[in-house]
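Student: Encoded as structure tokens, here's the structure I'll be asking about.
No lab work stands behind these numbers, since they all come straight from the coordinates. Here the structure is a predicted model, which is why all the values come from computation and not from measurement. With ideal geometry, Cβ positions are generated from the backbone for all residues, glycine too; neighbour counts draw on all protein chains shown.
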Amino acid sequence: MPKKNLTVVHYLNQFFGQVGAEDKADVGFVVKDGPIGPGVALQKELGGRAEVIATIICGDNYFSKSPEEAGEEGLKLIEPYQPDLFFAGPAFEAGRYGVSCGAICKAVGEKLAIPVITGMSEENPGVEMYRKNAFICKTGISARDMVHSLQGMTKLAFKLVSGEREMNLVSRENLPKPHEYGYFHRLILRNEYTEKTAAERSVDKLLSKIKGEPFESEVVLPNLERVEPPPPIKDPSACEIALVSDGGLVPKGNPDGLSGRGNLRWTTYEIDDFLPEDFKSSDYEIAHTGYFPDEVLGNPSRLVPVDVMRDLVKEGKIGQLHPTFFCTSGNATVSGRCAEMGDEIGAEMKKRDIHAVIFTST
Amino acid sequence: MRLEIESIDIKDIHVGSKTCAEDRVLQVNLKELEELILKDSRIKSVDINVVYPGDRVRIVNLLDVVQPRCKIDQFEADFPGFVGRLRTAGSGRTRSLRGVAILVSNPLTKRKYSALLDMTGLGAELSRYGKMKNISIAPYISDGTEERDFEDAVKIAGLRTAIYLALAAEGHPTDEVEVYDLDIPSLEGDSDLPRVAYYYQMYSPQHDHRGISDPCFYGTDVRHLMPTIIHPNEVLDGGVVGHHTIRSLDTYTVQNHGVIKELYRRHGKDLFFAGVVFGVANIDPIIRKRKALMAANLIKNVLGADGVVITKIHGGMPHVDVALVGEECEKLGVKTSIYTQPLVSVGTLGDTLLFNNEALDLIITVGATFERVKLPLEADRILGGTAKTKVFLADPVDQYAGDPVIEMEEMLIAGVHDHLGGANIIVKEY
């Protein structure tokens, strides 16, 4: 029996979906059988191996007003087809269309766990918003690049469904090389085998650097935001001060499931229950693999200085200790998530009208 | 200082009545080896097994991996300070057996981290040791021995086994002789070649088990060591060993040090190997600064280096530490090539840096050692532990050596990564 063709659903905006131009940008979702417009060219590239069975079309304005919701709405129309592959666009430089393609890819990829492929040019805002969620092929800025873009997207799609083990990756995952397959990397890092050892590379490049010749660093320095420290508080005796720590001090059993490394969560504990004056070391554990925790477990105030804070409150030097301790585990957590957690904790503190914060780390 | 390493390529290991080597086959008398290991009163008993590629065997609780080595022309000189008498390592003739490793397990380890090796399946495919014929030893503690003292005993049992096996190959023809001959102080030399030094961050006390540092340098620990100059041959020839856990680094890796061997290979051709400065990661910022200044000064003003390769030990804090050494070197005009291990597998490579200094513009990714792989294995035997041995994962989940599939961080699969630059691995954005 011949192998069944792969089934494909394709997403287009109102323009490429032949509903209308900008005046139709407010139109909601439309479903059509088979390929439409660029879908016909896509079908040609897919050849006999895959079949575009339906096209989902939506107006740019309608979609981009609330992309996540529209993505979910689109997903409901796509689900019944149970496709093997999902394509969107390509959107080239069109911003609203790029965001729509990204959002619908995200919804479909997360729910149906199938490869989702779209195409955009470098400047499209959809790239930064959705590169994590979709394979976004690099395209030119306009539809003049349509056939070339669809060829790239198709080649990538067939690679993704091939199930090949990538012997060049330590993890052996079937992950195509971004530069080879022309897509924007998806913010993940992988160990790749190379011809030269790290030792050989480091010496080669160092010699170039010493001689003043061009050399390529394997990591490009990021442009980090500078955070200005706020002005100091004027009168601590009139302040309510909160404690925050990323040392991973949690109750025994780690009820909130903080990870010991690469943790992405924060949580809170009420200090009176969590760290009473007659605490027992056996009631705690450390969800943090970056240090040897005996000192902290011996007396958790070594990490979260509740004992000293209580004294200072008694002495009238500090107005009040905020009753809630903000807890996370900061060990090889990606900096982007650290900044988000900072925003989240900061917002919660603002709500609680806390005046100042002491951060302790390990 | 001149060191000759005479290598014999071992093709097979047999268990036999006499420990010897013939036609590239190593024969081992397990009883005799057992008696040797049990001479240490800290060890009550020991399991010894020979394992081959393809065996459905998982070796757990690994504390070290060692290459069989012995001195040929010096008496009681192997691994000085650990086994042999104290002397300066790195000169004379050393016999080395290739294709064989000693897998050293501590079956009752209380450490959170311990490494493993599979002899078949993906785990074996990824590891250099998975393709070798190996001898697994797993000593058990004798009554009254303290935990940390016993760990030292296990380590030394591995080193003793290494010496014992290499000695047994006496008289066997040599397959290759490598010569490591370097006079460091020749600052006056008539060479126009750039002088390249190596900064070897070899330890970090941050994970010290029970607050005690692992001995790894002539029998002692290096926690309080000031930056110092050592001869690269001391590293290759037993003066330095691995720690008591394998995190992308073990004694085998040190014996075959990637950066040192590379600098030797190119010495006199396109560079002059200016020597090794040896340092330790520091928890305290003032101590860190003091030691970074000292290291940079040795590299620039004592070794006269134009450039330096800087490697780091596992972890985040050591990352900050090597960056400071690098910054101080660059300030003195010494060009740097600095190693990092991205500690996460998400984000961009730039996100993974724990420093931000324009002068540190040459960064080498030695491997994202926390990357995870799933290892399926229906093991016939589990050595160095049992099917119930807990296998570490940083998530709040429990998994055991006998599970049909376990998830592993690659740094805990012995022989995948190499912090000392010997592996053909780079980290890329995907």
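Student: To the nearest 0.05, what FRET efficiency results for B:SER191 and B:THR220 with a Förster distance of 45 Å applied to their C-beta separation?
Tutor: 0.80
Student: Would you mind classifying the range A:236-360 by shape? Square roots of the alpha carbon gyration tensor eigenvalues, ordered a ≥ b ≥ c; an a/c under 1.5 is rounded, otherwise it is prolate if a/b is larger than b/c and oblate if not.
Tutor: oblate
Student: Still on this structure, please answer the following. Mind giving me the FRET efficiency for B:ASN424 and A:PHE279? R0 is 35 Å, r the Cβ-Cβ distance, nearest 0.05 is fine.
Tutor: For B:ASN424 and A:PHE279, the calculated efficiency is 0.10.
Student: Among B:HIS172, B:HIS417, what is the fewest-to-most ranking by other Cβ atoms within 10 Å? All intermediate terms of the calculation are to be shown ahead of the outcome.
Tutor: Numbers: B:HIS172 19, B:HIS417 32.
The order, fewest Cβ neighbours first, is B:HIS172, B:HIS417.
Student: Using DSSP, restrict attention to beta bridges with both residues in chain A and report what percent are antiparallel, rounded to the nearest 5. Can you show the working numbers first?
Tutor: Numbers: 15 of 45 bridges.
Looking only at bridges with both residues in chain A, the antiparallel portion is about 35 percent.
Student: Continuing with this model, one more query. Which trypsin sites (Lys or Arg not before Pro) from the range B:61-95 combine a DSSP loop assignment with at most 12 other Cβ atoms within 10 Å? Walk me through the intermediate numbers first.
Tutor: Details: sites: B:ARG69, B:LYS71, B:ARG85, B:ARG87, B:ARG93, B:ARG95; in loops: B:ARG85, B:ARG87.
When the trypsin sites (Lys or Arg not before Pro) of the range B:61-95 are filtered for loop state and at most 12 Cβ neighbours within 10 Å, B:ARG85 remain.
Student: Something else now. Taking the Cα-to-Cβ direction at B:GLN27 and at A:ASP204 and moving 7 Å from each Cα, how far apart do the two end points lie in nm?
Tutor: Output for this residue pair reads 4.6 nm.
Student: Which Rg and Dmax, in Å, describe the Cα atoms of the range A:163-255?
Tutor: Cα radius of gyration and Dmax of the range A:163-255 are 23.6, 65 Å respectively.
Student: Is it possible to state the helix-based mean residue ellipticity at 222 nm for the protein assembly as shown, with each DSSP H run of 4+ residues giving -39500 (n - 2.57), the sum divided by total residues, to the nearest 500 deg cm²/dmol? What is it?
Tutor: -7500 deg cm²/dmol
Student: Using only alpha carbon pairs under 8 Å that are at least six residues apart, calculate the relative contact order of chain B and give it in whole percent.
Tutor: Computed over chain B, the figure is 20 percent.
Student: Let me ask you something else. Return the subset of A:LYS234/B:LYS289; B:LYS155/B:LYS300; A:LYS106/A:LYS159; A:LYS209/B:LYS269; B:LYS112/B:LYS261 for which the Cα-Cα distance in this structure is over 25 Å, preserving the input order. Could the numbers behind the result be given before it?
Tutor: Numbers: A:LYS234/B:LYS289 33 Å; B:LYS155/B:LYS300 36 Å; A:LYS106/A:LYS159 19 Å; A:LYS209/B:LYS269 17 Å; B:LYS112/B:LYS261 32 Å.
Long pairs (Cα-Cα over 25 Å): A:LYS234/B:LYS289; B:LYS155/B:LYS300; B:LYS112/B:LYS261.
Student: Does chain A come out rounded, prolate or oblate, given a ≥ b ≥ c as the square roots of the eigenvalues of its C-alpha gyration tensor, rounded meaning a/c under 1.5 and, failing that, prolate meaning a/b above b/c?
Tutor: Details: a/c = 2.39, a/b = 1.81, b/c = 1.32.
Taking the square roots of the gyration eigenvalues as a ≥ b ≥ c, chain A is prolate.
Student: Moving on to the next point. May I ask you to give the average projected area over all directions of the convex hull of the Cα atoms of the protein assembly as shown, in nm² rounded to one decimal?
Tutor: 40.1
Student: Moving to a separate point now. Set the Förster distance to 30 Å, then compute FRET efficiency between B:ASP395 and A:THR194 from the Cβ-Cβ distance, nearest 0.05. Provide the component values of the computation, followed by the final result.
Tutor: Details: r = 29 Å, r/R0 = 0.98.
According to the calculation, E is roughly 0.55.
Student: Quick one: of the DSSP bridges fully inside the range A:236-360, what percent are antiparallel, nearest 5?
Tutor: 45
Student: Suppose every K and R has +1 on its Cβ and every D and E has -1 on its Cβ; what is the size of the dipole of the range A:6-54 about the Cα centre, in Debye to the nearest 20?
Tutor: So the magnitude is around 200 debye.
Student: Rank these for me by crowding, B:ASP284, B:ASP208, going from fewest to most other beta carbons within 10 Å.
Tutor: Details: B:ASP284 9, B:ASP208 19.
The most exposed by this proxy come first: B:ASP284, B:ASP208.
Student: Right, here's the next one. For B:LYS335, A:LYS211, B:LYS300, which order do you get if you count the other beta carbons within 10 Å of each Cβ and list the fewest first?
Tutor: A:LYS211, B:LYS300, B:LYS335
Student: Just the number, please: percent antiparallel of the DSSP beta bridges in chain B, rounded to the nearest 5.
Tutor: Percent antiparallel among DSSP bridges in chain B is about 50.
Student: A further question on this structure: At 7 Å along the Cα-to-beta-carbon direction for both A:LYS4 and B:ASP143, put a label point, then send me their distance in nm to one decimal.
Tutor: 6.9
Student: What length, rounded to one decimal in nm, is gained on full extension from A:ALA113 through to A:GLU93, with 0.36 nm per residue of separation minus their alpha-carbon distance?
Tutor: 4.5 nm
Student: Hey, how many Å between the Cα centroid of the range A:24-72 and the Cα centroid of the range B:224-297?
Tutor: Each part reduced to its Cα centre gives a spacing of 59 Å.
Student: Expressed as a rounded percentage, what relative contact order does chain A have, with Cα pairs under 8 Å and six or more residues apart? Walk me through the intermediate numbers first.
Tutor: Working: 635 pairs, mean separation 44.3, N = 362.
It rounds to 12 percent for chain A.
Student: Please give the length that would be gained between B:ILE287 and B:ARG56 if that part of the chain were fully extended, namely 0.36 nm times their separation in residues minus their C-alpha to C-alpha distance (nm, one decimal).
Tutor: 78.3 nm
Student: Once amide H atoms are placed 1.01 Å from N in the peptide plane, what residues at a sequence separation of 5 or more from B:ALA274, or on another chain, have their amide H within under 5 Å of its amide H?
Tutor: B:VAL196, B:ALA197
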